[in-house]
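The values are calculated or read from the model by the stated rules, or taken from the named source; none is laboratory data. Just so we're clear, the structure is a prediction, and the values are computed from it rather than from any experiment. Because the Cβ atoms are built from the backbone with ideal geometry, glycine has one as well, and the counts that use them run over all protein chains shown.
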Number of protein chains: 2
Amino acid sequence: MADEENAYSFTTKATRTIKLSNLGADGFPMRRGGYLAEVNLAYESWGKLSADADNAVLIFTGLSPSAHAASSEEDLSPGWWEYMIGPGKAIDTNRFFVVCMNSLGGCYGSTGPRSINPETSEPYGSDFPTLTVEDITSAGHELMRELGVECLHTVVGSSMGGMAALAYTIMFPQNVKYLISISAAAQALPLTIAIRSLQREIIRSDPAWNDGHYKSGEEPVKGMALARKLGLISYRAADEWNSKFDRSKIPRERRTGKLFEHEFEIENYLEYNAQKFIYSFDPNSYQYLSRCMDLFDIAEHGGTIDAGMSKIDVKSALVIGVTTDILFPSSQQKEIADCLQRTGIRVEYVEIDSVNGHDAFLVDDEHFSPVVADFLADTN
Amino acid sequence: MADEENAYSFTTKATRTIKLSNLGADGFPMRRGGYLAEVNLAYESWGKLSADADNAVLIFTGLSPSAHAASSEEDLSPGWWEYMIGPGKAIDTNRFFVVCMNSLGGCYGSTGPRSINPETSEPYGSDFPTLTVEDITSAGHELMRELGVECLHTVVGSSMGGMAALAYTIMFPQNVKYLISISAAAQALPLTIAIRSLQREIIRSDPAWNDGHYKSGEEPVKGMALARKLGLISYRAADEWNSKFDRSKIPRERRTGKLFEHEFEIENYLEYNAQKFIYSFDPNSYQYLSRCMDLFDIAEHGGTIDAGMSKIDVKSALVIGVTTDILFPSSQQKEIADCLQRTGIRVEYVEIDSVNGHDAFLVDDEHFSPVVADFLADTN
């Protein structure tokens, strides 16, 4: 698993890195201004690219996952989407050449705020230019070209990755045949902007934040822990927690009796999961990736969401929403599906009745696998 | 309005304070242990107590309001429940003697962490004993006895106040005839415990927190602002914000261009409202009042919620829920109503279809007033 010495740049034995070779004199231009002099992209892949290079599936991740979406012979540790990707699984690696990229701006091998800026020989930190979802999408497009793929069979994404997948079909309509969009959004709405904005502010309120120029080993981990707890609260649904935790209390012998200490198992759960996260994710990456979701708005690609979506030219699309998702609610998935349909695209819209909220795609094998498998079975 | 010199002990010209006179040698005993040597309770009242003292309505507040629920001749400034209380209004002060008390543990005139501990001549701060909803309820009961009321006509409460009102009917079944419970809970569930626990932790992460022994003027206001933002996020519903803010941006001329600055109006709204709050609410009061909601569980009054509720002996009850409330969801209101009904009590359950989420009772005059007025019209 993570290299203990350098957990913030977590990669596995199976992670490859490609340095983009075809950048112009101005480097990799960023959508909101600025550029990156050099771009490295970390990815993992499963299955084999066909001779015609027509069987590639590109997976964009949510905010926090690495490129390690699934295990392989090279690395047996389970990936974050282990149930979905593999021989005979829904995204069948006997049929497809599957690629998962660590997002541009991330901290698991791709160029991001923790990378050395070749122009200053210092880490970018908060001097990294503003990141947009579209920049992540462009990076994914360049990566696939480096791998010899001009046209994707399918672009797949969930959460932030769903935004990036949607953007791919808009920005590169000639380079993709099918779309799978899971718990995404055509634009960020106030509730999610508010939650993410508060998470970022909590991190920046940690005195260790130091305007984004903290040193390695001196990261604002306290702020990260609090922000992560807010994330966990928004990712899951009330009913799941009711049945899982109810009002269970931490056993008395594990409590100190100190004022304000945690007393309920739900508090313990948040603490445990926050602690697991904070030493493996770079706070600046968190700021940039979180913000890019707020900025995402398909209406910027033509004036309205409909105009933006009308640029899409896939053969068919699968759009999946989850009933209990409060962050990317099913109403927003329905909107994506309706909008695609209005542009004349064949759309399958599936609303999954899962208790797992926004995180359902990560854990709900039973509901997700058949839907994705059936959709891909109908593609050619 | 608030006294600028001492905003943390906000009272109005109409606020009265009563020092409980009938405390035993051990003072006011607290449910989870400890005691208060002296208890002052701040309240406001409207209307006149009848000769038989049978027309008293006691209102318990949510976490943050003061006793100033409505204006009066003495103080014309509008109260936090202005639309509900007054001559000819739903809680009609021509008929009722209406009392609203600042909660025990609060900071608007009643004894709380900011009060001077008579035994040390220092403010309690975090040496205040653990507070429970039941302690607030007992204080309300003592206050009414001091005012010459042995039996309430109606006990009313919303949010935390709804918990206190429910507790009143369980703890003092012979001292109350009718119950109005709004957006309350028979017990706190994991999602709300998680949100409140995180809010408190955010405050305690502010270096100014100083273990709850901050000095006056040196309060952890940054932590309070972040916690308040999380509160605001949980009090309102996504659809209301979608229609109110959509993706409106703060005008460019009001932005500095600084990295990570607020760009969306929703961020501006949270900032504005947080700033309004932080200089008028004591951080220790926030910790104690917030925690007492987590601890509330009617099952502690007999082993199960049903057993606790079976102690209630009101003539009838009005239970109100709001469809868009994520903090005290309507399913929990239905549970209260069903449970009361099983014990043989006449219950009116009303689910209000409001866009205003948990805050609906504060603002949705149109939906709430007729329901409360009709219920009280049927009482004698």
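Conditions tested, residue by residue: (1) within 13 Å of chain B (Cβ to nearest Cβ); (2) among the β-branched types (Val, Ile, Thr).
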{"site": "A:185", "(1), (2)": "yes, no"}
{"site": "A:198", "(1), (2)": "yes, no"}
{"site": "A:203", "(1), (2)": "yes, yes"}
{"site": "A:216", "(1), (2)": "no, no"}
{"site": "A:253", "(1), (2)": "no, no"}
{"site": "A:257", "(1), (2)": "yes, no"}
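Considering segment A:124-155 alone, what residues qualify as being within 14 Å of chain B (Cβ to nearest Cβ) and either touching a His at 6+ places or on another chain (Cβ under 7 Å) or not aromatic (Phe, Trp, Tyr) (or both)? Please lay out each step first, then the result.
Taking segment A:124-155 and keeping what is within 14 Å of chain B (Cβ to nearest Cβ), we get A:124-132.
Answer for segment A:124-155, where residues must be within 14 Å of chain B (Cβ to nearest Cβ) and either touching a His at 6+ places or on another chain (Cβ under 7 Å) or not aromatic (Phe, Trp, Tyr) (or both): A:125, A:126, A:127, A:129, A:130, A:131, A:132.
Run down B:243, B:216, B:248 and say which single residue is over 26 Å from the mean Cα position of the chain (by Cα), surrounded by fewer than 23 Cβ atoms within 10 Å (Cβ to Cβ) and at pLDDT below 95. Break it down into steps so the answer makes sense when it comes.
On the way: B:216 fails: over 26 Å from the mean Cα position of the chain (by Cα); B:248 fails: at pLDDT below 95.
Of B:243, B:216, B:248, the one residue that is over 26 Å from the mean Cα position of the chain (by Cα), surrounded by fewer than 23 Cβ atoms within 10 Å (Cβ to Cβ) and at pLDDT below 95 is B:243.
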Problem - Scan of segment B:205-214 for residues that are of a type in the set (Ser, Thr, Tyr) and more than 11 Å from chain A (Cβ to nearest Cβ), ordered by number - result: B:214
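Do the conditions hold for residue A:33, that is, is it of a type outside the set (S, T, N, Q) and over 15 Å from the mean Cα position of the chain (by Cα)? Outline the logic, then answer.
Working: of a type outside the set (S, T, N, Q): yes; over 15 Å from the mean Cα position of the chain (by Cα): yes.
It is true that residue A:33 is of a type outside the set (S, T, N, Q) and over 15 Å from the mean Cα position of the chain (by Cα).
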Handout entry: Count - residues of segment A:218-245 that are at the interface with another protein chain (Cβ under 7 Å from one of its Cβ atoms) and either in a loop (DSSP other than H, G, I, E, B) or within 30 Å of residue A:322 (Cβ to Cβ) (or both)
Key = 8
Exercise for the section: Only residues in segment B:296-322 that are assigned by TED's automatic domain parsing to the domain that holds residue B:157 count as the first member; pair them with residues that are part of a helix (DSSP H, G or I) and among the charged types (D, E, K, R), Cβ under 7 angstrom, at least 6 apart or cross-chain, and list the lot. Expected result: B:306/B:342; B:321/B:334
Problem - helices (runs of 4 or more DSSP H) (entirely within segment A:310-380) containing at least 3 residues that are aromatic (Phe, Trp, Tyr) - result: none
Handout entry: Residue in segment B:178-196 that is crowded, with 19+ Cβ neighbours inside 10 Å, more than 29 Å from residue A:242 (Cβ to Cβ) and either free of Cβ contacts under 8 Å to residues at least 40 places away in the same chain or not assigned by TED's automatic domain parsing to the domain that holds residue B:282 (or both) present
Key = yes
Completion exercise
Of the residues in segment B:261-291, those that are under 19 Å from residue B:209 (Cβ atoms) and either over 24 Å from the mean Cα position of the chain (by Cα) or part of a helix (DSSP H, G or I) (or both) number 13
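Within segment A:273-288, is there a residue that is within 11 Å of chain B (Cβ to nearest Cβ), free of Cβ contacts under 8 Å to residues at least 60 places away in the same chain and touching a helix residue (DSSP H, G or I) at 6+ places or on another chain (Cβ under 7 Å)?
First, pick out the residues of segment A:273-288 that are within 11 Å of chain B (Cβ to nearest Cβ): A:274, A:284, A:287-288.
Now drop any that are not free of Cβ contacts under 8 Å to residues at least 60 places away in the same chain, which leaves A:274.
Among the residues that remain, those that are also touching a helix residue (DSSP H, G or I) at 6+ places or on another chain (Cβ under 7 Å) are: A:274.
Yes - at least one qualifying residue is present in segment A:273-288.
Which of the following residues is surrounded by 22 or more Cβ atoms within 10 Å (Cβ to Cβ) and in contact with a Cys (Cβ under 7 Å, 6 or more places away or on another chain): A:359, A:282? Before you say what the answer is, go through the steps one by one.
Values: A:359 fails: in contact with a Cys (Cβ under 7 Å, 6 or more places away or on another chain).
Within the list A:359, A:282, the selection yields A:282.
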Problem - Checklist (1) under 20 Å from residue A:50 (Cα atoms); (2) within 14 Å of chain B (Cβ to nearest Cβ) applied to residue A:176, failing item - result: (2)
Practice task
Within segment A:333-349, count every residue that is surrounded by 20 or more Cβ atoms within 10 Å (Cβ to Cβ) and closer than 13 Å to residue A:182 by Cβ.
Solution key: 3
Completion exercise
Of B:166, B:104, the only residue that is crowded, with 24+ Cβ neighbours inside 10 Å and either closer than 20 Å to residue A:260 by Cα or touching a Lys or Arg at 6+ places or on another chain (Cβ under 8 Å) (or both) is B:104
Exercise for the section: Could you look through segment A:26-53, keep only residues that are of a type in the set (Asp, Glu) and outside any strand (DSSP E or B), and pick out the one that is surrounded by the fewest Cβ atoms within 10 Å (Cβ to Cβ)? Expected result: A:52
Problem - Only one of B:69, B:51 that is on the phi < 0 side of the Ramachandran plot, without any contact (Cβ under 8 Å) to a residue 40 or more places away in the chain and in contact with a Cys (Cβ under 7 Å, 6 or more places away or on another chain) - result: B:69
Exercise for the section: Could you tell me whether segment B:264-276 includes any residue that is modelled with pLDDT of 95 or more, surrounded by fewer than 21 Cβ atoms within 10 Å (Cβ to Cβ) and either assigned by TED's automatic domain parsing to the domain that holds residue B:159 or of a type in the set (D, E, K, R) (or both)? Expected result: yes
Practice task
Tell me, yes or no, whether segment B:196-210 has at least one residue that is under 17 Å from the mean Cα position of the chain (by Cα) and within 22 Å of residue B:354 (Cβ to Cβ).
Solution key: no
Problem - residue A:322, sole failed condition from (1) more than 22 Å from the chain's Cα centre (by Cα); (2) buried (at least 19 other Cβ atoms within 10 Å of the Cβ); (3) of a type outside the set (S, T, N, Q) - result: (1)
Problem - Search result, residues across segment A:50-83 that are out of contact with any helix residue (DSSP H, G or I) (no Cβ under 8 Å at 6 or more places or on another chain) and small (Gly, Ala, Ser) - result: A:50, A:51, A:53, A:66, A:67, A:69, A:70, A:71, A:72, A:77, A:79
